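Peer 1: Sharing a structure, written as structure tokens. Questions coming.
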Amino acid sequence: MLDRALQRVMIQHFLVGRNGRATLLGSLPNTAGTRQVQPMKREAYPAARTIAPKLQAYFARHAADARHRSRTRATVPDAETIEAVIDAAFWASLRREEGYTPKISLAFLSPEETAHPLRFERPLALHPATLTRVAPAVERPGIHLGVWRGQEDLSVWGTTRAIPSLCFVLEVAAPGLLVVKHHSGDESGKFVNVAVLEGDQIKWVDEHAADIPDCPDLMTSLLGFGSPASWVHSVNVLVQLAVSMRAHGHGGLLLVVPAGTESWRESIVAPVPYAVSPPFTQLAYLSLEVPAETSRPVWEETVSRTVDAIAGLTAVDGAVVITDQYELLGFGAKIARRKGWDRVERVTVTEPIEGGTAILAHPEELGGTRHQSAAQFVHDQRDAVALVASQDGRFTIFEWSAAEAMVHAHRIEALLL
């Protein structure tokens, strides 16, 4: 588990001396016969060396593909550089700055590869302590620390908001939790997650996960390996809702039902505590709007605020109900088994990670009441989708799979980090 992994590496960080033997801080006698404390070289983060060659090959392959398509792309770092950036970020994630956990995004690019760079007069050393100190200034979304190799070593040259296509980005999401990603290359600003490092665990996102039968459109869009055009369609709204649901940290359940139908009410205890009449349609209108280039920033801000407002309702006990046209119908809804329908006994569970296999599980094995209720709702309302956010950060899409003739639970938290 992550906690044990973090304990192990933290103990190594503070106690491991030469030759890997556990000791206190190294102390050596000085000429006066007294002992003085000597600084220790920090232990290397093993996962960084393990994954670096595969990451380098991934970015090189996609850069070559972009070159054939005459698309702009960032410089591809070598494996040694990738290892060094991951190592520094990992140890920085375990440090604290005035009691706060650092959240940092590192992007490997030169100042010449971005627009309007903020450049430091003196570049900063790529060191965990340095990253921790500067973290409060760059923790807001969309700000990246620019990393480049100078004449001697890697350094942080400043900050940027503009990231070119396929730029290597490493994000510190939590202590011991790192995400490797890159810009998708489309105008939406979407990033594609490539790998997740959690303590001593490495999760590599499966590029072919969207090939499974009945793959949800939401997951296909998050994977981002298909046509970039899919991202700018309305499915982007569900992506933003999922991200916002996960971000508020209270856990939540969102039911997406077909517009213009009432059958979903057969699986809901009447009355809905907070029914909305008439339906709230602002998000529906915004999802259909095609803003002019000059007004796009205002439109995006309005969409973001509306999404957060609706996602915030999922923190209330019960489920939020919206249509597949993004009309809000109510929240606080209690799910009940549809009359005459069987209780769901098992679901298929998958995660879009290389090496992962589908398993059959009882809904109780997936989580608490939200997960069990979501599985039952989708089992009874097979044209509906249920999104469940857990307080611990897990996120699951429940959809009916006609190919499998059962509810399919897609674990997608690795794509939302």
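Peer 1: Keeping every protein chain present and rolling a 1.4 Å probe, give me the accessible area per residue for the chain in Å².
Peer 2: Heavy-atom accessible area per residue stands at 51 Å².
Peer 1: Say we join alpha carbon atoms closer than 10 Å with springs in a Gaussian network model of the chain; which of Val344, Val269, Val169 then has the biggest fluctuation?
Peer 2: The residue with the greatest mean-square fluctuation here is Val269.
Peer 1: Still on this structure, I have one more. Could you tell me whether region 241-364 comes out rounded, prolate or oblate from its Cα gyration tensor? Rule is a ≥ b ≥ c as square roots of the eigenvalues, rounded for a/c under 1.5, then prolate if a/b exceeds b/c, otherwise oblate.
Peer 2: It comes out oblate by the Cα gyration axes.
Peer 1: For the chain, list the DSSP H helices whose alpha carbon atoms reach 20 Å or more along the long axis and whose average Kyte-Doolittle value is -0.5 or above?
Peer 2: Span-like helices in the chain: 46-68, 79-93, 235-248, 296-312.
Peer 1: Determine the relative contact order of the chain: mean sequence separation of Cα pairs under 8 Å and six or more apart, normalised by residue count, in whole percent.
Peer 2: With pairs under 8 Å counted, the relative contact order is 12 percent.
Peer 1: At 1.4 Å probe size, with the rest of the protein present, what percent of the exposed accessible area of region 238-371 is carbon and sulfur atoms?
Peer 2: Using a 1.4 Å probe with all protein chains present, region 238-371 comes out at 54 percent carbon and sulfur.
Peer 1: Can you show me the helix-derived [θ] at 222 nm for the chain, built from DSSP H runs with n ≥ 4 at -39,500 (n - 2.57) apiece and divided by the number of residues, rounded to the nearest 500.
Peer 2: After summing the helix terms and dividing by residue count, I get -9000 deg cm²/dmol.
Peer 1: Show the residues, 5+ positions off or on another chain, whose built amide H is closer than 5 Å to the amide H of Trp148.
Peer 2: Sorted by chain and number, the residues that satisfy this are Ser155, Trp157.
Peer 1: Kindly write out, for region 395-406 in residue order, the coupling ³J(HN,Hα) from the Karplus curve 6.51 cos²θ - 1.76 cosθ + 1.60 (θ = phi - 60°), rounded to whole Hz, with x marking Gly and Pro.
Peer 2: Running phi through 6.51 cos²θ - 1.76 cosθ + 1.60 with θ = phi - 60° gives 9, 10, 9, 9, 9, 7, 9, 5, 5, 9, 6, 6 Hz.
Peer 1: Taking the highest mean first, how do the peptides 245-254, 132-141 order by number of other beta carbon atoms within 10 angstrom per residue?
Peer 2: Most protected by this proxy first, the peptides run 245-254, 132-141.
Peer 1: Just how large is the dipole of the chain about the Cα centre, in debye to the nearest 20, putting +1 at every Lys and Arg Cβ and -1 at every Asp and Glu Cβ?
Peer 2: Magnitude of the dipole: close to 1280 debye.
Peer 1: By a straight-distance test (C-alpha under 23 Å), which lysines pair with Lys103 as possible cross-link partners, with residues fewer than eight away in the same chain excluded?
Peer 2: Lys181, Lys190, Lys203
Peer 1: Could you rank the peptides 149-157, 280-288, 370-378 by their average count of other C-beta atoms within 10 Å per residue, with the highest value first?
Peer 2: Packing proxy ranking, top to bottom: 370-378, 280-288, 149-157.
Peer 1: For a Förster distance of 35 Å, can you work out the FRET efficiency between the beta-carbons of Ala309 and His116, rounded to the nearest 0.05?
Peer 2: 0.65
Peer 1: In the Gaussian network model of the chain, springs joining C-alpha atoms below 10 Å, which of Ile163, Ile212, Ile310 carries the largest mean-square fluctuation?
Peer 2: Ile212
Peer 1: Long-range amide H contacts for Phe280: which residues qualify at under 5 Å (H placed 1.01 Å from N, peptide plane, sequence gap of 5 or more or a different chain)?
Peer 2: Those qualifying (amide H under 5 Å, at least 5 residues apart or on another chain) are Leu328.
Peer 1: Over the chain, with a Gaussian network built from C-alpha contacts below 10 Å, which listed residue (Ala162, Ala292, Ala361) shows the highest mean-square fluctuation?
Peer 2: Taking springs between Cα atoms under 10 Å, the residue moving most is Ala292.
The values are calculated or read from the model by the stated rules, or taken from the named source; none is laboratory data. Everything numeric in this text was worked out from a predicted model, so none of it was measured. Here the Cβ is made from the backbone with ideal geometry for all residues, glycine too, and neighbour counts use every protein chain on show. Quick note on the areas: whole protein, heavy atoms, side chains included, nothing else; ligands and nucleic acids left out. Shrake-Rupley method; radii C 1.70, N 1.55, O 1.52, S 1.80 Å.
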